1. Could we say that Asn417 is without any contact (Cβ under 8 Å) to a residue 12 or more places away in the chain, farther than 22 Å from His361 by Cα and out of contact with any Leu (no Cβ under 9 Å at 6 or more places or on another chain) here?
2. Quick one: which residue in Leu373, Leu441 is under 26 Å from Ala297 (Cβ atoms) and either touching a strand residue (DSSP E or B) at 6+ places or on another chain (Cβ under 9 Å) or aliphatic (A, V, I, L, M) (or both)?
3. If you check Gly428, Gly399, which single one turns out to be surrounded by fewer than 13 Cβ atoms within 10 Å (Cβ to Cβ) and in the same structural domain as Ala22 (by TED's automatic domain parsing)?
4. Of all residues in the stretch 577-623 being in contact (Cβ under 8 Å) with a residue 60 or more places away in the chain and of a type in the set (Gly, Ala, Ser), which is surrounded by the fewest Cβ atoms within 10 Å (Cβ to Cβ)?
5. Please go through the stretch 318-361 and pick out each residue that is basic (Lys, Arg) and at pLDDT 90 or above.
6. From the list Ala101, Ala115, pick out the single residue that is assigned to a helix (DSSP H, G or I), closer than 19 Å to Asp178 by Cβ and at pLDDT 95 or above.
7. Considering only the stretch 190-220, state which residues are within 20 Å of Ala115 (Cα to Cα) and not in a helix (DSSP H, G or I).
8. Answer yes if at least one residue in the stretch 521-544 is outside the structural domain of Asn257 (by TED's automatic domain parsing), surrounded by fewer than 17 Cβ atoms within 10 Å (Cβ to Cβ) and under 23 Å from Val488 (Cα atoms), and no otherwise.
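The values are calculated or read from the model by the stated rules, or taken from the named source; none is laboratory data. The structure presented is a predicted model; accordingly, all values stated were derived computationally and were not measured. Here the Cβ positions follow ideal geometry from the backbone for every residue, glycine too, while neighbour counts run over all protein chains shown.
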Amino acid sequence: MAGRSVTDPPARSRRLATGVFAGGVVIAALLMFSGAWERRWIADDGLIVLRTVRNLMAGNGPVFNSGERVEANTSTMWTYMVYAAGELSGVRLEYVVLTIALLLSTGAVVLAMLAAARMYRWRLRGATGTVLLMPAGVLVYIAVPPARDFATSGLETCLVICWIALLWLMLVRWATPDPKHEGLPGTTQILVTAFVAGLGPLVRPELAILAAGALAMLFLAQGLTWRVRVAMVAVAGLIPVMYQIWRMGYYALPYPNTAVSKDAGGAKWSQGFEYLGNLVSPYLLWLPVLFLAVVAAVVLWATRAPAGGGAVSQDEGTDLRAWARRGQRALRTPTAVVFFALGAGLLLMLYSMRVGGDFMHGRVLLPPLFCLLLPVAVVPLRVPDRSEIGNNKTTRTAGGMALLWIGTVVWAFFASNTTGMPEGAVVGRSGIVDERAFYVLNTGHSHPILATDYLDYPRMRAMVEAIDNTPDGGLLLSTPSYDVWDVVPPPLPIPPGGAGHTVYFLNLGMTSMNVGLDVRVIDQMGLAYPLAAHTERLEDGRIGHDKILYPDWVVADSGMVDVHPWMPAYLDEDWVAMAQVALTCPETQELLASSSAELTWPLFKRNLRNAFEYSGYRIERVPKYEIQRCDLEMPPPRG
């Protein structure tokens, strides 16, 4: 018997299948890691996160500018993860981000494959012959150039896909019996899964879609006592609910300020469809998705339940409670988990398209794409045994599936070696740009990672020099020239140590990371500037940049000298005077005080009550119209 076990066909098949799968996981992980490393960089928007982390480490709180409670980062968890790693390691923050991003991006691929493998092993548990689980969907994801670009980038995409993959794995484990114990996981895993799902909105707000769907499945599934359901809700909601209360009291908004500045509730469907085409067309992305959909459909058809096996008895057919019980049983199945992943991917894609996508090529469609590929992260290829060689149907099916998989691999090879978005480094009519190519071109660095690499971006060195040359302080305004900034000086008398500097520039990350924390950095579209964030959206503006506050407002808001010749000629004294009056609007004053006044308990409670109202408050960009809106008195002309 011992001698037979060495040559036992089932044992050889299991060893072969295990070895092939393990090899596939290693290869996919190496491809993800090496591809991300080859295209390593940190975007300007990624540096925005690090400014908040610097303030946290300096004891100024989770703010972008000291003394202004603005949540300039979309992902709460990403901010605090980088902060914790930076504090513990003491390593330069850019390298901390790069390390975490590489690990999370690679880990996401591995988790996705492990989950899909468990699902297929359960579904094909009675199959004869050798079943090889081959990497497929993960190869499609890795091959798309934006997936490797945003595997690092300093943004939260790496965390998003890793959280999605972890949730997918935990739901698959929850829905499939343990092969060793032949039973479904118990209460402990349900609570852990609920906890992970509850973190979704803190990873990124729109992931509440996935979190709600996963929690609904867990809550409604059959076999749970009400005590477990209550515990599940408490575990899932504890951290996000507590943070939401704190956010509304501290920041005076129900969501990050980025959602206000970009009007995330608005609809731009036409731009959204253009954004989808901008990702799909250059790579013929529909082709491998079609290939793998056919493979998945064949597997589902071949392993379907016998006809009539799931029929409802006549008595059950008239009993709504029996139908409800069937529905509850169906929730805790691998099929339901697959539909959850596909449905979540489609909903995320529709949400991204509704808001118009993004200005970065492919970025916000990567999580939906990852979701849609989860059920086919690996695919089963069945190798018929000797007894089936003569069966033409079996042989043709196995051969056809192998050809589709090979077609996917061939596509991945060519897609991964394309240049990606045509003329991606140039901002064209669509407003979409290959962000990495753009910054590589404009900094002259193949891998712009450090904030100091961005000193070679136009105007950056000139900005640093302008600050050094104006010890009294002032408001820095960019000019068409790359080596000149206009500086509006502060009024006399100058306080000891100077009046401080304010830099008004669109590229917040590179700007804020190359100056001290004592320099106030604000932007025209309002990512870190509430006044700009609460202006009305420009309907025809570039996506993600469709709010532009006139600099006249900033002169009035910062209290700098408001007359010529100290102001640049392109600023209008009358407009500045009108902006000064417009800023006295009581509602605007209350809004600005909610994030800039000293945070007392009464202010915290007022912010908590009014957070939703503040989020919808808007001002007119033109000071004259804002005065009219607030029914204020127009100042006399200065001319």
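1. Details: without any contact (Cβ under 8 Å) to a residue 12 or more places away in the chain: yes; farther than 22 Å from His361 by Cα: no; out of contact with any Leu (no Cβ under 9 Å at 6 or more places or on another chain): yes.
So Asn417 fails the test.
2. Numbers: Leu441 fails: under 26 Å from Ala297 (Cβ atoms).
Result: Leu373 is the single residue among Leu373, Leu441 that is under 26 Å from Ala297 (Cβ atoms) and either touching a strand residue (DSSP E or B) at 6+ places or on another chain (Cβ under 9 Å) or aliphatic (A, V, I, L, M) (or both).
3. Numbers: Gly428 fails: in the same structural domain as Ala22 (by TED's automatic domain parsing).
Sole residue among the options that is surrounded by fewer than 13 Cβ atoms within 10 Å (Cβ to Cβ) and in the same structural domain as Ala22 (by TED's automatic domain parsing): Gly399.
4. Ser596
5. Residues of the stretch 318-361 that are basic (Lys, Arg), as a first pass: 321, 325-326, 329, 332, 354.
Across the stretch 318-361, the qualifying residue is only Arg354.
6. Numbers: Ala101 fails: closer than 19 Å to Asp178 by Cβ.
The match here is Ala115.
7. Residue satisfying the conditions is Leu199 alone.
8. Taking every residue of the stretch 521-544 in turn, none turns out to be outside the structural domain of Asn257 (by TED's automatic domain parsing), surrounded by fewer than 17 Cβ atoms within 10 Å (Cβ to Cβ) and under 23 Å from Val488 (Cα atoms).
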